[in-house]
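J.: I have a structure here, written as structure tokens, and I will follow up with some questions on it.
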Amino acid sequence: MQCTLCASDARPFAQVDGRDYFRCPCCQLTFEHPDRLPGPDEEKGQYDLHDNRPDDPGYRRFLAQLADPLCEQLSPGAQGLDFGCGPGPALAAMMTERGYPCGTWDPIYARDKTRLSAQYDFVTCTEVIEHLHQPAREWAWFAGHVRPGGWLGLMTRWLTDDDAFARWHYRRDPTHVCFWQPATFAWLAATQGWELHLTGNPVVLMRKRP
């Protein structure tokens, strides 16, 4: 099985609830068998269940885990994109309110592809990368569209306990198909020219080297 991130040969990792998972010994990504991935209708049906309203104080507190440390790093007026913003683009609104204009893009809810042709001072990506079917593709986009010296802000629950994987709530979401750990982000930093800042599970900041 070829790793969906680095194309190395991956090894069987676990079989749980009829789902087959693999682990790459090179980048340490854990991912579901590509033949078992959910289709677009199943994905949208799951996403539509989320109640992520931009004016929800609880949701804003959740997103502040990323917004607060990211804003500490940005220069005044930095412009960004919320990649995979979902149906309620609260984070883009929060960043714009703080003086960092932020557009939105999402393959289902905000499909303005012109947003994908620009470069940005920062890109945010919250609760997205665990859904990626071809993560190498999105990481190539991040590498090409975050300006040198710019920032990539990620939120995803890190896989830190292999023994608990089968009962981990994050794994049970049928649209969560790849799982990340600090070693995976370290591999990306080393191979793609990022500086890695692990602020604490589930937040990762990565700065594109100038």
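J.: Rank 123, 177, 16 by mean-square fluctuation in a GNM of the chain with C-alpha springs under 10 angstrom and give only the top-ranked residue.
T.: Most flexible of the set in this elastic network: 16.
J.: Considering the Cα positions of the chain, please state its Rg to one decimal place and its Dmax as a whole number of Å.
T.: 16.6, 49
J.: Let me ask something else. Given a 1.4 Å probe and every protein chain left where it sits, what share in percent of the accessible area of region 52-129 is carbon and sulfur?
T.: Carbon and sulfur: 49 percent of the exposed surface of region 52-129.
J.: Next question, about the same structure. As a test of reading the structure, rank 20, 112 by solvent-accessible area (1.4 Å probe, protein chains only), most first.
T.: Result, largest first: 112, 20.
J.: Taking the Cα centre of region 1-63 as origin, sum charge times position over the Cβ atoms of Lys and Arg (+1) and Asp and Glu (-1), and report the length of that vector in debye to the nearest 20. Provide the component values of the computation, followed by the final result.
T.: Numbers: 8 positive and 12 negative charges, 70 e Å.
It comes to approximately 340 debye.
J.: Continuing with the same structure: If each DSSP helix of 4+ residues adds -39,500 (n - 2.57) and the sum is divided by the residues in the chain, what number results at 222 nm, nearest 500 deg cm²/dmol? Spell out each step's value before the answer.
T.: Numbers: 6 runs with 57 residues, N = 210.
Computed ellipticity for the chain at 222 nm equals -8000 deg cm²/dmol.
J.: Right, next: Treating each Cα of region 132-210 as an identical point scatterer and ignoring solvent, apply the Debye formula and state log10 I(q)/I(0) at q = 0.12, 0.18 Å⁻¹.
T.: The Debye formula, applied to the Cα set alone, gives -0.37, -0.78.
J.: Might you tell me the accessible area per residue for region 128-210, computed with a 1.4 Å probe and given in Å²?
T.: Averaged over the residues of region 128-210, the accessible area is 39 Å².
J.: Accessible area per residue for region 1-83 in Å², computed with a 1.4 Å probe and the full protein assembly in place, what is it? Each step should come with its number before you reach the end.
T.: Values: 4540 Å² over 83 residues.
That works out to 55 Å² per residue.
The values are calculated or read from the model by the stated rules, or taken from the named source; none is laboratory data. Everything quoted here is computed from the prediction, not taken from an experiment. Neighbour counts run over all protein chains shown; Cβ positions are idealised from the backbone, glycine included. Surface accessibility is based on the protein's heavy atoms, side chains included, excluding ligands, DNA and RNA. Shrake-Rupley method; radii C 1.70, N 1.55, O 1.52, S 1.80 Å.
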